[in-house]
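The values are calculated or read from the model by the stated rules, or taken from the named source; none is laboratory data. Values in this document were obtained by computation on a predicted structure and should not be read as measured data. Positions of Cβ are generated from backbone atoms using ideal geometry, with glycine treated the same way; all protein chains shown enter the neighbour counts. The protein model used for the area step is the full one, side chains on, heavy atoms only, and it has no ligands, DNA or RNA in it. Shrake-Rupley method; radii C 1.70, N 1.55, O 1.52, S 1.80 Å.
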Protein chains: 2
Amino acid sequence: MEKVKIGIIGVGNMGRSHAHKLSNGEVNGAVLTAVCDASVEKLDWIRTNLPEEIQLFQDEDDFLNNADIDAIVIATPHYFHPPTAMKAFEKGLHVMLEKPAGTYTKNVQEMNEAAEKSGLIFSMMYNQRTNPLYQKLRDMILSGELGEIKRTNWIITDWYRSQSYYDSSEWRATWKGEGGGVLLNQAPHQLDLWQWTTGLMPKKVRAFISYGKYHDIEVEDDVTAYVEYENGATGVFITSTGEAPGTNRFEITGDRGKIVVENNKLVFYRLTESEREFNATSTTGFGRPECWEIEIPVKGDYTGHLGVLQNWINAILNGSPLLAPGTEGIKGLEISNAIYLSAWLDQTVELPIDAELYYQKLQEKIDQSTFQKKEAANVTLNVENSH
Amino acid sequence: MEKVKIGIIGVGNMGRSHAHKLSNGEVNGAVLTAVCDASVEKLDWIRTNLPEEIQLFQDEDDFLNNADIDAIVIATPHYFHPPTAMKAFEKGLHVMLEKPAGTYTKNVQEMNEAAEKSGLIFSMMYNQRTNPLYQKLRDMILSGELGEIKRTNWIITDWYRSQSYYDSSEWRATWKGEGGGVLLNQAPHQLDLWQWTTGLMPKKVRAFISYGKYHDIEVEDDVTAYVEYENGATGVFITSTGEAPGTNRFEITGDRGKIVVENNKLVFYRLTESEREFNATSTTGFGRPECWEIEIPVKGDYTGHLGVLQNWINAILNGSPLLAPGTEGIKGLEISNAIYLSAWLDQTVELPIDAELYYQKLQEKIDQSTFQKKEAANVTLNVENSH
């Protein structure tokens with residue numbers, strides 16, 4: 001294959017952004033050959049603004065069966081992610097999946113099994129994994145530089161959205177359309193990085209959620225989750241779309257000190273000895289282990305969506321390793337589902353959660369919804385500086 | 001009264017520090033005239049190191065009845081605080097009480113009633129209320145500069161203590177001796193400032209506690225508490241004595257922006273308009289209200305223990321207002337008790353908590369304790385740079 005022929009399904013905010021990159025030739029070894037969207041208006045936009053040789057489809061099956069494509073980018077609303085990916089694997093198409101992997105783990109597990117069976121190249125659009133800050137953080141933790149982890153704390157409240165954002169599409173911020181709010185739309189990046197950089201999945205989750213606290217929506221826009229890990233470490237994850245200015249501060253404490261990622265800096269408060277060792281041997285009462293504050297140099301560029309697309313194309317063409325294997329999308333989603341389930345049951349839940357129970361509870365949310373969107377502008381928003 | 005004659009009861013770490021200040025004449029209008037401690041060794045130390053005219057007592061009643069004093073400083077282990085204060089009020093003595101006000105609110109409420117009835121000058125040793133950072137923070141919040149509060153978040157994990165600290169006294173870090181760990185010994189300052197600076201008491205608390213996680217102790221050294229306020233705001237308070245280096249970062253988000261107190265700086269991220277107003281009127285989808293990052297100038301010195309002692313003496317001599325009225329000690333203790341109770345019951349608790357239930361549960365902890373201290377050095381530690 002000289003160039004990978006790409007089809008995009010779903011050309012809302014994100015899909016349109018990917019279409020631009022691909023049709024501009026920004027991704028080496030890839031060419032945009034087809035687009036699918038149920039909206040005539042959106043297809044018209046593609047016809048007007050992108051090269052005319054791009055095939056347009058309104059129907060998904062027609063697209064998957066008849067488009068001249070080797071691989072697809074899925075950028076539809078969340079519920080469609082696993083079913084479309086599974087169809088694509090059946091057709092022998094490589095898949096790049098926008099986050100989240102899905103809305104519930106039950107069918108994401110099935111998608112992962114289908115992906116593994118297919119042998120096709122399946123990647124998640126976890127663009128923030130290309131951020132050198134988090135790559136360096138991960139290297140430092142997994143190499144043991146920080147020692148055994150004691151606590152994680154991520155305040156990620158800088159996902160501010162005004163009401164106009166929620167009014168921009170009918171499916172947005174509804175149980176039926178998105179299956180959730182900030183946890184499924186904005187925070188999936190950090191939910192992934194939380195586990196990816198530390199190498200730790202929570203064992204227990206106790207979460208507190210507010211629905212439509214800052215916006216006229218039925219889903220959550222404010223979340224506090226407390227977690228416990230297998231080794232006894234604890235963690236807190238806080239996210240919201242209702243705070244301005246928000247905070248993005250990730251702190252991880254270990255036996256050898258503390259790392260704080262904030263304001264595009266990675267600062268390591270490095271102990272010159274193990275805290276556990278100091279604790280056992282010090283005779284000073286109020287003494288503390290010696291600590292060096294070090295701003296860790298972080299090299300490389302944040303390549304974002306383009307970097308993940310290129311990584312995926314390289315994997316297809318050359319078999320190089322994926323930065324964000326598609327099957328890892330379930331990890332962040334598992335945490336996200338656990339957070340909802342804990343809040344809905346008003347109790348602590350253990351991971352892995354009961355996927356069937358979660359699915360049932362989500363269906364209840366959809367079935368019992370009485371929320372009426374006042375108006376949906378159905379406009380496409382510019383996401384260039386927002387994700 | 002020309003000079004207020006002060007007696008100190010309890011000359012462990014803190015009491016000895018206060019004795020030094022008073023006998024050195026550092027507190028205007030006050031003179032140290034008597035000391036009481038059950039330990040002969042500690043009285044010997046006073047005799048050797050402080051002026052010989054200071055009267056020494058081993059028995060509390062003897063001290064309260066016969067010492068030549070107008071006022072007392074109580075720096076005994078926590079359980080003795082309310083009973084001794086109540087006896088002092090009966091004798092017509094003004095009281096300065098070391099934190100915490102007590103170990104459970106039941107008798108602290110009685111103490112407060114006795115104090116109010118007595119008309120005597122009753123102050124809490126909340127030395128951190130003299131910190132201009134928190135005074136300025138309080139001014140900004142109570143004057144409405146930050147707008148209605150949405151979230152509070154205090155990570156106060158820089159109370160590091162090694163095992164040697166806990167081994168320094170038999171009563172330390174036992175249910176019987178202290179009635180708790182980091183929440184009763186180290187964090188009371190921040191529990192007080194959390195409510196004092198914001199003017200908000202939590203309405204509900206859900207907390208998670210680990211006992212002897214980092215030390216050979218029976219009480220807690222690791223705490224995460226989630227709270228909800230009457231207005232719907234939420235908060236998180238995290239404290240530990242097992243992390244090095246710890247963090248002391250207090251973030252408060254409101255309708256008009258965010259304030260962060262960290263590293264002895266008060267930074268105000270000030271919105272030029274109300275977020276609620278922006279949310280309702282913006283049409284930009286991803287837009288955010290304009291925000292100015294301002295380092296707020298903070299004037300004045302942190303006068304600490306000396307400042308609180310002087311404030312108390314001034315109130316006695318001149319009737320000037322107290323910075324830390326003794327009856328306010330119950331507020332931080334109420335939060336502390338609620339955190340324990342939530343963890344013990346493994347459920348959310350509402351404030352004010354059931355004081356009788358808390359007392360019973362605490363007695364159970366004491367009665368069921370099987371913990372044996374390996375060794376207690378019973379040494380006096382230098383606290384000059386530690387509180």
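Miscellaneous remarks
- So B:Glu251, is it over 18 Å from B:Leu184 (Cα atoms) and not aromatic (Phe, Trp, Tyr): yes
- Checking each residue in the range A:357-387 for being open to solvent by less than 80 Å² (accessible area, probe 1.4 Å), modelled with pLDDT of 95 or more and either over 30 Å from B:Val205 (Cβ atoms) or in contact with a Pro (Cβ under 7 Å, 6 or more places away or on another chain) (or both) picks out A:Tyr359, A:Gln363, A:Ile366, A:Ser369.
- Test for A:Asn231: is it touching a helix residue (DSSP H, G or I) at 6+ places or on another chain (Cβ under 9 Å), more than 10 Å from chain B (Cβ to nearest Cβ), in contact (Cβ under 8 Å) with a residue 12 or more places away in the chain and open to solvent by 10 Å² or more (accessible area, probe 1.4 Å): no
- Test: residue in the range A:97-119 that is outside the structural domain of A:Ile252 (by TED's automatic domain parsing), open to solvent by 40 Å² or more (accessible area, probe 1.4 Å) and part of a loop (DSSP other than H, G, I, E, B): yes
- From B:Lys42, B:Lys3, residue being out of contact with any Cys (no Cβ under 6 Å at 6 or more places or on another chain) and free of Cβ contacts under 8 Å to residues at least 60 places away in the same chain: B:Lys3
- Residue match in the range B:332-348 (condition: farther than 30 Å from B:Lys21 by Cβ, facing another protein chain (nearest Cβ under 10 Å) and touching a residue at least 24 places away in the same chain (Cβ under 8 Å)): yes
- Here is the figure for the range A:1-51: residues that are under 20 Å from A:Leu120 (Cα atoms) and at pLDDT 95 or above total 15.
- Selected residue (only one of B:Glu243, B:Glu262 is on the phi < 0 side of the Ramachandran plot, surrounded by fewer than 22 Cβ atoms within 10 Å (Cβ to Cβ) and in contact (Cβ under 8 Å) with a residue 12 or more places away in the chain): B:Glu262
- Entry remark, the range A:33-58: residues being of a type in the set (A, V, I, L, M) and either part of a loop (DSSP other than H, G, I, E, B) or over 27 Å from the mean Cα position of the chain (by Cα) (or both) number 5 in total.
- Taken over the range A:265-295, residues that are open to solvent by 30 Å² or more (accessible area, probe 1.4 Å), within 33 Å of the chain's Cα centre (by Cα) and either under 30 Å from B:Glu275 (Cβ atoms) or of a type in the set (Asp, Glu) (or both) amount to 3.
- B:Val219 being without any contact (Cβ under 8 Å) to a residue 60 or more places away in the chain, in contact with an Asp or Glu (Cβ under 9 Å, 6 or more places away or on another chain) and within 20 Å of B:Gly332 (Cα to Cα): yes
- For B:Gln128, the conditions (1) modelled with pLDDT of 95 or more; (2) farther than 30 Å from A:Ala244 by Cβ; (3) open to solvent by 10 Å² or more (accessible area, probe 1.4 Å); (4) within 19 Å of the chain's Cα centre (by Cα) all hold with the exception of (2).
- Hey, B:Leu184 in contact with a helix residue (DSSP H, G or I) (Cβ under 9 Å, 6 or more places away or on another chain), under 21 Å from B:Ile366 (Cβ atoms) and among the aliphatic types (A, V, I, L, M) or not: yes
- Residue ID - farthest from B:Leu317 (Cα to Cα), chosen from residues in the range B:33-53 that are open to solvent by less than 30 Å² (accessible area, probe 1.4 Å) and aliphatic (A, V, I, L, M): B:Leu43
- Within the range B:306-326, the set of residues being within 13 Å of the chain's Cα centre (by Cα) and surrounded by fewer than 19 Cβ atoms within 10 Å (Cβ to Cβ) comprises B:Pro325 only.
- Residue identified as part of a loop (DSSP other than H, G, I, E, B), open to solvent by 10 Å² or more (accessible area, probe 1.4 Å) and at pLDDT 95 or above among A:Asp61, A:Asp68: A:Asp68
So that you can scan it fast, the table gives a plain yes or no per residue for (1) in contact with a strand residue (DSSP E or B) (Cβ under 9 Å, 6 or more places away or on another chain); (2) more than 9 Å from chain A (Cβ to nearest Cβ); (3) more than 14 Å from B:Gln135 (Cα to Cα):
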position	(1), (2), (3)
B:Thr247	yes, no, yes
B:Asn264	no, yes, no
B:Ser274	no, yes, yes
B:Phe286	no, no, yes
B:Glu290	yes, yes, yes
B:Glu293	yes, no, yes
B:Val298	yes, yes, no
B:His305	no, yes, yes
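- Of the residues making up the range A:17-32, just one is part of a helix (DSSP H, G or I) and open to solvent by 40 Å² or more (accessible area, probe 1.4 Å), namely A:His20.
- Taking the range A:135-227 and the helices (runs of 4 or more DSSP H) fully enclosed by it, the elements with 2 or more residues that are more than 12 Å from chain B (Cβ to nearest Cβ), at negative phi and surrounded by 20 or more Cβ atoms within 10 Å (Cβ to Cβ) are at A:182-185, A:188-198.
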